[in-house]
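Everything below concerns the one structure shown next.
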Amino acid sequence: MKLLNQLVSFIYPLKVKTIQSDRSGALEVTLVNGKLVIDSENANYSYGSLQRVLKKGLSYIGKQKLKQLNSILILGVAGGSVIKTLREDFKLEAKITGVEIDPDVIELANTHFQLYKTPNLELITEDAFKYIKSTNHTYDLIIIDIFNDTQMPHELFEIWFWNLISNQLNSKGICLFNTLYSTKKELERNDKLKALLTPLFSNLESVKTNQINEIILVEK
């Protein structure tokens, strides 16, 4: 990355790559304040504000608990910013399995963020809901970060999905679920989900951040 471009990006964003994904629509890699980000039409898709939101959620779990993890599942990899956070900011060496439905996003992640170089990482190109229905593996931490631009699939808020998540968590396993709540209806949706999950898990907490994100944390 040229130094001049990095300096200019502190004044105004520089477009690096734009693609039209069949699954995710328009995606753009942009250099902002010296760092690359991936944006969809209306939202930050990877790195940028999304990375800060997920880092805050992970920080809420705590470094001591995170260090004890042996296996991590990420549903919705996008550009892989949370994987970079786990490896670089929290220094975790646990096996990471990442499931992402859109191969175009994975190509961007590998080309511009060298995601393929991440050690002990398995990337699976598949629908997250199909994966969670079919896998026999269990995990210490499951991170759910599934969006199509600013929309969240309705399946994420249904009890059958969370029964599967519970089954895929090891004893004392944790699930971190990133949600958006830009409307009153979405906030009420989140409240209904938390009420639904309370009897299913031993502990539930939520963290509101970035004004429109709510991280829901549950422990088996």
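Taken together, the values in this text are just the output of simple stated rules run on the coordinates, not laboratory data. All of these numbers come straight from a predicted model, not from anything done at the bench. Cβ atoms come from the backbone with ideal geometry, glycine included; neighbour counts cover every protein chain shown.
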For this session: Considering only the range 31-49, state which residues are of a type outside the set (Val, Ile, Thr) and without any contact (Cβ under 8 Å) to a residue 60 or more places away in the chain.
Result: Leu31, Asn33, Gly34, Lys35, Asp39, Asn44, Gly48
For this session: Please indicate, with yes or no, whether at least one residue in the range 181-200 is out of contact with any strand residue (DSSP E or B) (no Cβ under 6 Å at 6 or more places or on another chain), aromatic (Phe, Trp, Tyr) and within 29 Å of Asp22 (Cβ to Cβ).
Result: no
Exercise. Can you pull out the strands (runs of 3 or more DSSP E) entirely within the range 127-220 that have at least 3 residues that are crowded, with 19+ Cβ neighbours inside 10 Å, β-branched (Val, Ile, Thr) and under 14 Å from the mean Cα position of the chain (by Cα)?
Worked result: 139-144
Problem set entry | Given (1) among the hydrophobic types (A, V, I, L, M, F, W, C); (2) surrounded by fewer than 24 Cβ atoms within 10 Å (Cβ to Cβ); (3) assigned to a helix (DSSP H, G or I), index of the condition Ile83 fails | (2)
Problem set entry | In the range 166-179, the residues that are in contact (Cβ under 8 Å) with a residue 40 or more places away in the chain and in contact with a strand residue (DSSP E or B) (Cβ under 9 Å, 6 or more places away or on another chain) | Ser166, Gln168, Leu169, Asn170, Lys172, Gly173, Ile174, Cys175, Leu176, Phe177, Asn178
